[in-house]
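Colleague: Structure incoming, see below.
The values are calculated or read from the model by the stated rules, or taken from the named source; none is laboratory data. Just so it is clear, the structure is predicted and the values come from calculations on it, not from any experiment. A quick note on method: Cβ atoms are made from the backbone with ideal geometry, for glycine too, and the neighbour counts reach across all protein chains shown.
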Amino acid sequence: MLRPLTALTCAIALAITGCGALKTKTKPIEAAMAPTAGSNVAGTLVFTSVPGGVHISGRLTGLAPGSTHGFHLHEHGDCSATDASSAGGHFNPTSTAHGDPMGMIHHGGDIANQVADAQGAVDVDVTVRGVTLGTGVSDDVLGRSVIVHRDADDYATQPSGNSGPRLACGVILKPLGKGAQ
């Protein structure tokens, strides 16, 4: 008698939270940010699965003091091109228009602009809603890339916010810690 109820409860939980939410928690993943040709922007970002999204933390250096930069998840985990064009366009698992990540309509890869301090560094501390980490489903960012752009994202220009050339690229791939998955 309890089995049908348990199955129904699991089905409801899947419908509400998404299939990836019931999978084993992924350990934090690191992305080493490497500069593109002519750039000095570098750093390390850590991606952690949180309820409803993925938290990104870390530090970027080599930016112009006080400058504002577009910051996005991109579709391919490939930073091999000298301009990081190999990373492709913004990660967009729901095929929506580009927009403000705080608004209703935006890509899964749209993240708030990041502002450098007086020393040209950014301490990243942002949660990206509507994406997952290590779930293997279509909104999974594992194996994709993260890009820092030269200019601020205007959150309007399609398809990418007119944020200019790519200054640094990192692949979201390396588990942190000994024995990480």
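Colleague: Pick from region 145-161 the residues that are in contact with a strand residue (DSSP E or B) (Cβ under 7 Å, 6 or more places away or on another chain) and acidic (Asp, Glu): which of them is surrounded by the most Cβ atoms within 10 Å (Cβ to Cβ)?
Modeller: ASP153
Colleague: On to the next question. Quick check on HIS107: is it surrounded by 21 or more Cβ atoms within 10 Å (Cβ to Cβ), in contact with a strand residue (DSSP E or B) (Cβ under 9 Å, 6 or more places away or on another chain) and at pLDDT below 95?
Modeller: On the way: surrounded by 21 or more Cβ atoms within 10 Å (Cβ to Cβ): yes; in contact with a strand residue (DSSP E or B) (Cβ under 9 Å, 6 or more places away or on another chain): yes; at pLDDT below 95: yes.
Here the answer is yes, as HIS107 does meet what is asked.
Table: residues versus (1) surrounded by 13 or more Cβ atoms within 10 Å (Cβ to Cβ); (2) free of Cβ contacts under 8 Å to residues at least 24 places away in the same chain; (3) part of a strand (DSSP E or B).
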site: ILE111; (1), (2), (3): yes, no, yes
site: ALA118; (1), (2), (3): no, no, no
site: VAL124; (1), (2), (3): yes, no, yes
site: GLY143; (1), (2), (3): yes, no, no
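Colleague: Which one of these is part of a strand (DSSP E or B), modelled with pLDDT of 90 or more and within 28 Å of ASP83 (Cβ to Cβ): ALA31, ALA64, ALA37?
Modeller: Unique residue meeting the criteria: ALA31.
Colleague: In addition: Across region 126-138, which residue is nearest to the chain's Cα centre (by Cα) among those that are assigned to a loop (DSSP other than H, G, I, E, B) and surrounded by fewer than 20 Cβ atoms within 10 Å (Cβ to Cβ)?
Modeller: My answer is GLY130.
Colleague: Another question, if that's okay. Could you tell me whether region 44-59 includes any residue that is in a loop (DSSP other than H, G, I, E, B), at pLDDT 80 or above, in contact with a Gly (Cβ under 8 Å, 6 or more places away or on another chain) and surrounded by 17 or more Cβ atoms within 10 Å (Cβ to Cβ)? Don't jump to the end; show me each part of the working.
Modeller: Start the filter on region 44-59 by keeping residues that are in a loop (DSSP other than H, G, I, E, B), which leaves 51-52.
With at pLDDT 80 or above added as a condition, the list becomes 51-52.
So of that shortlist, the ones also in contact with a Gly (Cβ under 8 Å, 6 or more places away or on another chain) come out as 52.
From what's left, surrounded by 17 or more Cβ atoms within 10 Å (Cβ to Cβ): none.
No, because not a single residue in region 44-59 is in a loop (DSSP other than H, G, I, E, B), at pLDDT 80 or above, in contact with a Gly (Cβ under 8 Å, 6 or more places away or on another chain) and surrounded by 17 or more Cβ atoms within 10 Å (Cβ to Cβ).
Colleague: Another question, then. Name, by its number, the condition in (1) in contact (Cβ under 8 Å) with a residue 40 or more places away in the chain; (2) surrounded by fewer than 20 Cβ atoms within 10 Å (Cβ to Cβ) that does not hold for SER95.
Modeller: (1)
Colleague: Let me ask something else about it. Among the residues of region 53-89, count how many are over 15 Å from the mean Cα position of the chain (by Cα) and not β-branched (Val, Ile, Thr).
Modeller: Counting residues in region 53-89 that are over 15 Å from the mean Cα position of the chain (by Cα) and not β-branched (Val, Ile, Thr) gives 12.
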